[in-house]
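The values are calculated or read from the model by the stated rules, or taken from the named source; none is laboratory data. These numbers come from a predicted model, not from an experiment. Each accessible area value is taken on the protein alone, full model and side chains, heavy atoms only, with ligands, DNA and RNA left out. Shrake-Rupley method; radii C 1.70, N 1.55, O 1.52, S 1.80 Å.
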Amino acid sequence: MQMAGHDERNFRTYYYEKFGIGGVDEKKSLEILLKEQPLNIEKLRQFSLRFQVPAMYRIHLWKAILGITPANSKSTDFVMSQRRQQYEDLHHALVIMRRIDSHTPPGEVYTKMFLLQTGMLSFEDHDLNNPENQALVSMGTSVSGIVEDDVDGYWITTKFYTQFSKCKESLQQLPEKTIQYLKREDNDQRLVNHLNKHDVWSCLPLVDWYRRCFSNVLPDTSFERVWDKVIGGSCSILIYVAVSIFLTFKRPLLSMNSRDDMVNYLLKIPEDSGDVLVIQAIELWQKHGGHMIQTKSDSPIFVDRSPS
């Protein structure tokens, strides 16, 4: 354990020095990065990947990486005033069209605004039930729970959704990879065999979990730490979140002999389990080198190659 701690300190020191912020902790180092003019977005991505993001700076960091705020702070007030105006125009248009009112949930509001903005809003609300729009609603619902301003909520949700859509082609492969990595981590194979025996895989909404990036699956206080890594540039973290869910609930799952019971259990992750399983997921992801990827400077989010 002492060696592991020593290695971790060396790892941190190396990257702090590489960023020109040697000898300071994560909070202070991020403060330094956020004061640079113009902001170095690549450094911010790398920070998000390699370190724990302080909660007080999370929204600021996300907005910078996602391109919601400009790299040059002199333009921030103007850009955000334009974004607020666009938000208000879209919101007002939907009210006039009677597509939303004061009781419409934020996730649904954000989704309809985005569809209107992109020219995809249909005449009927039933279109919101398709998987892609449901994913956007879920993302908006979760983001609205951690922001103080709906303008931030809308732009974070839609910018993240747009960038995450670049991962869409690989989503169908992730369930297979989940089973593959679970086999590696389930030492005695009891859980894997149990899930196979009861054909649980065919009933679990794994693709929906991934499509939603675990929004409305994990508690709000937990999903944001997963999004830190995705916004930093790693989609492979999602695999380890799923694996961690299975490992965290291994004991209760092994006690069940009904596929429906197991599926229903996994669809209701307890609030107090979110942090534990996300910490385990990040540890697994780090163990397999997920935090060591190099992001592409022209793409806020890209599909990194999962460990083979």
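Side notes on the structure shown:
- The rule of thumb for compact globular proteins, 2.2 N^0.38 Å, goes into the C-alpha radius of gyration of the range 206-278 1.10 times.
- In the context of the full set of protein chains, the range 203-260 has a per residue accessible area of 27 Å² (1.4 Å probe).
- Normalised per residue, the accessible area of the range 29-107 is 53 Å², obtained with a 1.4 Å probe and no contribution from ligands, DNA or RNA.
- Accessible surface of MET113 - all protein chains present, 1.4 Å probe, nearest 10 Å²: 0 Å²
- Shape metrics for the chain, restricted to C-alpha atoms - Rg then Dmax, Å: 20.4, 64
- Stokes-Einstein D for the range 67-163, Kirkwood Rh over Cα pairs, 20 °C, 1.002 mPa s (µm²/s): 156 µm²/s
- What a 1.4 Å probe finds exposed on the chain is 49% carbon and sulfur by accessible area, rounded to a whole percent.
- Mean separation of Cα contacts under 8 Å, 6 or more apart, over the residue count of the chain: relative contact order %: 20 percent
- Partner lysines whose Cα lies under 19 Å from the Cα of LYS43, excluding those fewer than 8 positions away in the same chain, are identified as LYS18, LYS27, LYS28, LYS35, LYS63, LYS229, LYS296.
- Partners of LYS183 within straight-line reach, counting lysines whose Cα lies under 18 Å from its Cα and excluding those fewer than 8 residues away in the same chain: LYS197, LYS250, LYS287.
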